[in-house]
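I have placed the structure first, in the form of structure tokens, so that the comments after it can refer back to it.
Bear in mind these aren't lab numbers, they're just calculated from the coordinates by the rules spelled out. Since we're looking at a predicted model, the values are computed, not measured. Glycine also receives a Cβ, built like all others from the backbone with ideal geometry; neighbour counts cover every protein chain displayed.
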Amino acid sequence: MTVVLVLVGGALGAVLRYLTDLFVPSRHGSVFPWATFIVNAAGSLILGVTAGAVAAMDGPEWVLTMVGVGVCGAMTTFSTFGYETVRLLEEGFVLPAALNVSASVTVAMTVYVGGWALMTGLT
């Protein structure tokens with residue numbers, strides 16, 4: 001059953017990632033990897049909200065498995081984040097590379113904690 005939950009969540013996450021990759025770059029002429037930044041931030045928020053909700057409501061663990069491992073695991077990407085950061089550096093875009101690293105980590109952690117706090121009542 002767990003594999004099916006991950007499979008279903010992963011299918012949804014992969015489609016969301018694909019659609020973001022199609023939509024976002026066509027709207028920006030920037031070297032900054034906006035699509036990866038957006039999916040990683042959105043995935044962190046979704047995971048924070050889901051984990052917080054499961055914890056606060058003593059919810060079923062299968063929800064966290066399907067959403068956290070499945071959806072967020074397929075939607076977010078650390079490998080592409082690393083690849084795009086190195087690509088920026090190789091092409092001489094040092095400032096965008098540094099901004100990608102600092103903003104990605106800061107935003108991902110902030111929205112995760114914010115989502116958790118929102119669902120658990122922490123302030």
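Observations, loosely collected:
- In the stretch 64-114, the C-alpha radius of gyration followed by the widest Cα-Cα span (Dmax) gives 13.2, 40 angstrom.
- Protection-proxy order for peptides 98-104, 39-45, 112-118, each taking the mean of Cβ atoms within 10 Å per residue, highest first: 39-45, 112-118, 98-104
- Each helix, a run of at least 4 DSSP H residues, gives -39500 (n - 2.57); summed and divided by the residues of the chain, these come to -24500 deg cm²/dmol at 222 nm.
- Across the options V107, L16, G43, the greatest Cα extent toward the positive end of the charge dipole of the chain (unit charges at beta carbon of Lys, Arg, Asp, Glu) belongs to L16.
- Largest first, the three principal axis extents of the alpha carbons in the chain are 49, 35, 22 Å in whole numbers.
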